Amino acid sequence: MKVLPDLYPTDFDSPSANELILPQGIIGFGDYKRAELLYMPDHLPFLWMKLHGPEILHFIVIEPGGIVPGYEPEIFDEDALHLDLRTPAEAMILNIVTLKRQNPVEATANLIGPLVVNRRTRTGRQLVISNYSRFSAHHSLVENPQVSSSIARTA
């Protein structure tokens with residue numbers, strides 16, 4: 001199933017609307033079965049994902065629509081079935097962002113292993129997309145002019 005990474009309105013006003021259930025946790029954090037999506041208007045497009053488990057953990061995530069051109073993740077049919085996705089529009093895609101404190105312009109997003117959440121049931125799962133070879137787990141969110149100019153010189 002090809003899923004749509006476009007932004008869809010998400011209701012953050014009611015507490016249940018921003019809660020996510022992650023029955024399998026996320027990779028490396030299997031004990032964290034529940035999460036909340038939190039946002040601050042001056043931090044958009046970045047969202048905070050607050051994981052509840054043995055401790056409270058925070059991750060920065062993005063919905064890639066409009067931010068990552070050409071990102072069209074495809075998920076395996078069995079994953080779509082497991083998440084009870086009836087249409088591609090039901091899939092909310094969240095990519096985990098890695099920031100470097102010393103240099104935040106080097107922020108990257110994991111495009112290979114997004115969290116896919118059923119908007120209707122609020123149940124999600126981190127998975128590897130079926131067309132993973134087209135994308136990177138360290139996709140730069142800000143174009144680096146130094147890298148671009150060195151690539152142009154070698155071409």
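The values are calculated or read from the model by the stated rules, or taken from the named source; none is laboratory data. What you see is a predicted model, and the numbers here were worked out from it, not measured in a lab. Because the Cβ atoms are built from the backbone with ideal geometry, glycine has one as well, and the counts that use them run over all protein chains shown.
Every condition in (1) within 15 Å of the chain's Cα centre (by Cα); (2) modelled with pLDDT under 95; (3) surrounded by 14 or more Cβ atoms within 10 Å (Cβ to Cβ); (4) within 30 Å of residue 143 (Cβ to Cβ) holds for residue 106 except the one numbered (1). All of (1) at pLDDT 95 or above; (2) farther than 22 Å from residue 44 by Cα; (3) of a type outside the set (Asp, Glu); (4) out of contact with any helix residue (DSSP H, G or I) (no Cβ under 6 Å at 6 or more places or on another chain) hold for residue 127 with one exception: (4). The condition (being over 14 Å from the mean Cα position of the chain (by Cα), touching a residue at least 40 places away in the same chain (Cβ under 8 Å) and either surrounded by 15 or more Cβ atoms within 10 Å (Cβ to Cβ) or within 12 Å of residue 114 (Cα to Cα) (or both)) is satisfied by just one residue among 94, 85: 85.
Test residue 70 against the criterion of being touching an Asp or Glu at 6+ places or on another chain (Cβ under 8 Å) and either part of a loop (DSSP other than H, G, I, E, B) or surrounded by fewer than 19 Cβ atoms within 10 Å (Cβ to Cβ) (or both), and give yes or no. So residue 70 fails the test. Of all residues in segment 14-66, those satisfying the criterion of being surrounded by 12 or more Cβ atoms within 10 Å (Cβ to Cβ), over 13 Å from the mean Cα position of the chain (by Cα) and of a type in the set (D, E, K, R) are 19, 33, 34, 36, 50. When the test is whether a residue is more than 12 Å from the chain's Cα centre (by Cα) and not in a helix (DSSP H, G or I), residue 125 does not pass it.
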